[in-house]
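These notes concern the structure reproduced below.
No lab work stands behind these numbers, since they all come straight from the coordinates. All values derive from a computational prediction rather than experimental measurement. We place every Cβ from the backbone using ideal geometry, glycine too, and count neighbours over all the protein chains shown.
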Amino acid sequence: VELAELEKTCFILGNEIRATRRRVNALEHRTIPQFEVTIDYIRLRIDDQARSQQSRVMKVTNKA
C-alpha cells in the first residue's frame with residue numbers, strides 16, 4: 001500500500017514537473033520575446049517623442 005502511494009505521488013509529481021516545464025518554455029520562447037518586442041517599440045516611440053519635443057523647443061528658442 002505504501003509503495004502504491006509512493007508510485008502515485010511520483011507519477012503526479014512527474015506530471016506537474018512536465019506541465020511546469022511546458023509553461024516555462026512557453027514563457028521563454030513566446031511570451032518574453034513578445035514583451036521584449038513591445039518594450040523596444042515603446043522605447044522607440046518615447047525616443048521619437050523626445051526628439052520631436054526637443055526639435056519644437058529649439059524652433060521656438062530660435063524664433064525668440
Debye, to nearest 20: dipole size of the chain, +1 on Lys, Arg Cβ, -1 on Asp, Glu Cβ:
760
Expected output is a single nm value to one decimal: the length gained when fully extending between LEU44 and LYS59, i.e. 0.36 nm times separation in residues minus the C-alpha distance. What is it?
3.1 nm
Quick check: the angle from helix 2-26's long axis to the longest principal axis of the chain, C-alpha only, nearest 10 degrees?
20
Dipole of the chain, positive direction: furthest Cα of LEU44, CYS10, HIS29, with charges on the beta-carbon:
LEU44
Just to verify a number: FRET efficiency for ILE32 and LYS8, C-beta to C-beta distance, R0 = 25 Å, to 0.05?
0.15
Semi-axes in Å, largest first, for the chain (Cα gyration tensor, √(5λ)) are 59, 8, 4
